[in-house]
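Right, one structure below, let's go through it.
The values are calculated or read from the model by the stated rules, or taken from the named source; none is laboratory data. Note that the coordinates shown come from a computational prediction; the quantities given were computed from them, not determined experimentally. Cβ sites come from the backbone with ideal geometry, for glycine too, and all protein chains shown count toward neighbours.
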């Protein structure tokens with residue numbers, strides 16, 4: 001059974017090569033598989049099959065060219081090209097009876113595959129596998145008839161077993177693998193599409209809810225302003241409320257824009273210590289209202305490059321969340337560390353803390369640990385700004401103990417090095 005053993009060895013090589021191709025395509029999803037690489041790959045596969053064929057005599061060659069011809073013809077739509085390549089490669093090994101049998105068997109096959117390509121892809125996956133296996137079986141039988149015409153000394157039982165068993169088995173394994181990977185890719189695309197639609201639905205619901213509230217309030221006060229007998233003082237008060245509500249709606253829209261497109265409007269040198277002090281002064285009334293005592297420990301140095309307004313917005317969102325996590329009072333510690341490569345800002349509170357599930361979803365769009373009191377915009381914006389400023393964030397928390405947030409930015413010197421490398 002020398003031919004069967006040789007075919008099994010060649011089939012193992014083909015399957016291993018295709019397996020590594022599948023791994024490459026799986027890990028490099030951005031790499032699109034065009035026809036030219038496919039043609040090159042299948043021609044190389046054909047050459048390997050013919051070159052490492054079993055040839056007990058100079059005029060006899062037993063090989064597995066059927067597998068790349070069937071798979072490439074039906075699944076890649078390059079049947080005629082592969083038939084032409086097969087004829088050329090086979091001709092290099094001698095123009096004998098085997099060469100003329102190749103012409104007689106494979107030229108009609110190439111024409112049939114070319115005609116049936118569109119019809120083939122209209123069938124179900126199971127049906128496609130069945131068609132490919134049946135075609136390989138037919139080609140195997142035709143090859144066996146050529147073996148008999150050639151009058152070789154090899155065992156007919158061995159050749160019959162090899163051609164009837166190995167090519168259909170190889171085509172089945174490879175076509176099944178192709179259908180499996182194709183189905184996985186389609187499922188992945190459907191899942192991504194579903195997640196995108198879900199995000200759009202959540203965004204629409206969140207925008208509708210967050211903007212409708214201030215607009216409803218503003219609309220109500222506008223109706224009250226239509227009263228001709230309304231006192232001047234009340235009119236000013238109502239106008240002030242309307243303005244505040246419209247500004248609230250504008251802030252919501254701006255937060256969404258910051259998340260969707262976290263671009264930096266201006267790049268400037270930011271003194272971290274100075275900006276943190278200014279931000280803490282802004283939030284001091286909120287801290288007093290919640291009975292939160294603020295402690296600071298700032299390093300002398302610490303300069304980064306970025307958008308000052310976006311940086312302040314990022315820090316305000318973090319500190320505001322920390323203060324609001326301590327409704328019954330507590331301690332808020334803000335510290336900085338400086339090194340030659342980065343500036344680290346650490347915010348520690350003694351608030352309610354978060355569970356591991358809440359930590360895993362932190363920064364996720366529309367997710368808030370505050371329940372109905374939160375919109376899920378604050379930390380979402382923080383993560384977006386950090387990405388835009390090449391920063392990173394690390395959060396540690398324990399329920400009932402508090403939360404520690406460390407955000408890190410590259411220093412100005414490191415930022416300049418990155419920019420010079422890019423340029």
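Would you check if residue 90 is surrounded by 13 or more Cβ atoms within 10 Å (Cβ to Cβ) and modelled with pLDDT of 90 or more?
Details: surrounded by 13 or more Cβ atoms within 10 Å (Cβ to Cβ): yes; modelled with pLDDT of 90 or more: no.
So residue 90 does not fit the description; no.
Flag: residue 208 does not match the condition of being modelled with pLDDT of 75 or more, exposed (fewer than 12 other Cβ atoms within 10 Å of the Cβ) and either in the same structural domain as residue 378 (by TED's automatic domain parsing) or under 28 Å from residue 378 (Cα atoms) (or both).
Any residue at all in segment 307-322 that's over 22 Å from residue 385 (Cα atoms), crowded, with 17+ Cβ neighbours inside 10 Å and in contact with a strand residue (DSSP E or B) (Cβ under 6 Å, 6 or more places away or on another chain)? No - not one qualifying residue is present in segment 307-322.
Residues in segment 389-413 that are outside any strand (DSSP E or B) and crowded, with 18+ Cβ neighbours inside 10 Å were compared, and the one that is modelled with the lowest pLDDT is 389.
Among the residues of segment 81-138 satisfying the criterion of being over 40 Å from the mean Cα position of the chain (by Cα) and outside any helix (DSSP H, G or I), which is farthest from residue 44 (Cα to Cα)? Within segment 81-138, the match that is farthest from residue 44 (Cα to Cα) is 96.
Residues are listed down the side, and each one gets a yes or a no for (1) closer than 19 Å to residue 128 by Cβ; (2) surrounded by fewer than 19 Cβ atoms within 10 Å (Cβ to Cβ); (3) not assigned by TED's automatic domain parsing to the domain that holds residue 174:
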residue	(1), (2), (3)
16	no, yes, no
38	yes, yes, no
42	yes, no, no
79	yes, no, no
82	yes, no, no
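Please list, ordered by first then second residue, the pairs with beta carbon atoms under 7 Å, 6 or more apart or interchain, first in segment 86-105 and farther than 16 Å from residue 146 by Cα and not assigned by TED's automatic domain parsing to the domain that holds residue 45, second assigned to a loop (DSSP other than H, G, I, E, B) and at pLDDT 85 or above. Close Cβ pairs (under 7 Å, with a partner that is assigned to a loop (DSSP other than H, G, I, E, B) and at pLDDT 85 or above) do not exist here.
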